[in-house]
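To keep things clear, I will list the structure first and then write my remarks on it.
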Amino acid sequence: LKDHLSRLPLTGFDVAVRSVSRHGIRAASVQVVISDDQSSRNYSDIRSLIEGCPLPQAVKLTSLNIFKRLAEAEARIHSCPLDQVHFHEVGGVDAIVDVVGTALGLDYLGVKKILASPIPLGKGFVTCSHGKLPVPAPATLDILKGVPVYGTDIPHELVTPTGAAIIVTFAKGFGPMPDMNVTGVGYGAGLRELEAGPNLLRIIT
């Protein structure tokens, strides 16, 4: 991942991986570490950045689809043309690395089909560049239209707009676990410790 991500025309970042425990379950915590001050970008900037980078075409197309989904949601919410959508948090280096890194990882692993469970949503408020917004964030809910979700009493943002765009772009369906022969299980850890349960993303193959 680091080798391919280094081909992006971005500087001042690294990808750090460490093993952590969430409610006694060992998981991988992957963080994008930013070392420089980073400017926000608009949708046109991000599209040009991805289109011009020397990455596999399939990875670029998937990454572009994810950012287009994000831009379309923001355009609807703020009533502005698509190319004028200005990303703040989503336009940062960490969000670009999250999106492109996910596309690279799934391409490298040869994943052909993804099914997801219904999406859990938190409650409360989150502070961002636009001020204090309700949780789930407006862009998150817009992206999750047509997707089965359920509310929780957890007073935190469980799904970000970027996370919503990634799962909606990749998942072929949402529902209960299908009939399958389990060959592998992996856990990815969120940064926040939650009292209500382990803050984990579980992937079953």
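Observations on the structure shown:
Yes or no, residue by residue, for (1) assigned to a strand (DSSP E or B); (2) out of contact with any Asp or Glu (no Cβ under 7 Å at 6 or more places or on another chain); (3) free of Cβ contacts under 8 Å to residues at least 24 places away in the same chain; (4) surrounded by 12 or more Cβ atoms within 10 Å (Cβ to Cβ):
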| residue | (1), (2), (3), (4) |
| --- | --- |
| Asp142 | no, yes, no, yes |
| Tyr150 | yes, yes, no, no |
| Pro155 | no, yes, no, yes |
| Ala165 | no, yes, no, yes |
| Gly173 | yes, yes, no, no |
| Met177 | no, yes, no, no |
| Tyr187 | yes, yes, no, yes |
| Arg192 | no, yes, no, no |
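- Scope the stretch 7-18; condition open to solvent by less than 80 Å² (accessible area, probe 1.4 Å) and of a type outside the set (Phe, Trp, Tyr); matching residues: Leu8, Leu10, Gly12, Asp14, Val15, Ala16
- Of all the criteria given as (1) part of a strand (DSSP E or B); (2) out of contact with any Pro (no Cβ under 8 Å at 6 or more places or on another chain); (3) open to solvent by 50 Å² or more (accessible area, probe 1.4 Å), the one not satisfied by Leu133 is (3).
- For the stretch 44-94, a residue qualifies if it is closer than 25 Å to Lys112 by Cα and aliphatic (A, V, I, L, M), and the qualifying residues are Ile50, Leu55, Ala58, Val59, Leu61, Leu64, Ile66, Leu70.
- Qualifying residue in the stretch 88-97 (condition: surrounded by fewer than 20 Cβ atoms within 10 Å (Cβ to Cβ), modelled with pLDDT under 85 and part of a strand (DSSP E or B)): no
- For the condition modelled with pLDDT of 90 or more, open to solvent by less than 60 Å² (accessible area, probe 1.4 Å) and assigned to a loop (DSSP other than H, G, I, E, B), Cys53 qualifies.
Here is a yes/no grid of residues against (1) touching a Gly at 6+ places or on another chain (Cβ under 8 Å); (2) in contact (Cβ under 8 Å) with a residue 40 or more places away in the chain; (3) of a type in the set (D, E, K, R):
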{"residue": "Ser35", "(1), (2), (3)": "yes, no, no"}
{"residue": "Pro54", "(1), (2), (3)": "no, yes, no"}
{"residue": "Ala71", "(1), (2), (3)": "no, no, no"}
{"residue": "Arg76", "(1), (2), (3)": "no, yes, yes"}
{"residue": "Leu82", "(1), (2), (3)": "no, no, no"}
{"residue": "Ala95", "(1), (2), (3)": "no, yes, no"}
{"residue": "Val99", "(1), (2), (3)": "no, yes, no"}
{"residue": "Thr102", "(1), (2), (3)": "no, yes, no"}
{"residue": "Gly105", "(1), (2), (3)": "no, yes, no"}
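- Residue, least open to solvent (accessible area, probe 1.4 Å), within the stretch 20-47, restricted to residues that are over 20 Å from the mean Cα position of the chain (by Cα) and among the hydroxyl-bearing types (Ser, Thr, Tyr): Ser21
The values are calculated or read from the model by the stated rules, or taken from the named source; none is laboratory data. Since this is a predicted model, take the numbers as computed values, not measurements. For neighbour counting, all protein chains shown are included, and Cβ atoms are generated from backbone atoms with ideal geometry for every residue, glycine included. Each accessible area value is taken on the protein alone, full model and side chains, heavy atoms only, with ligands, DNA and RNA left out. Shrake-Rupley method; radii C 1.70, N 1.55, O 1.52, S 1.80 Å.
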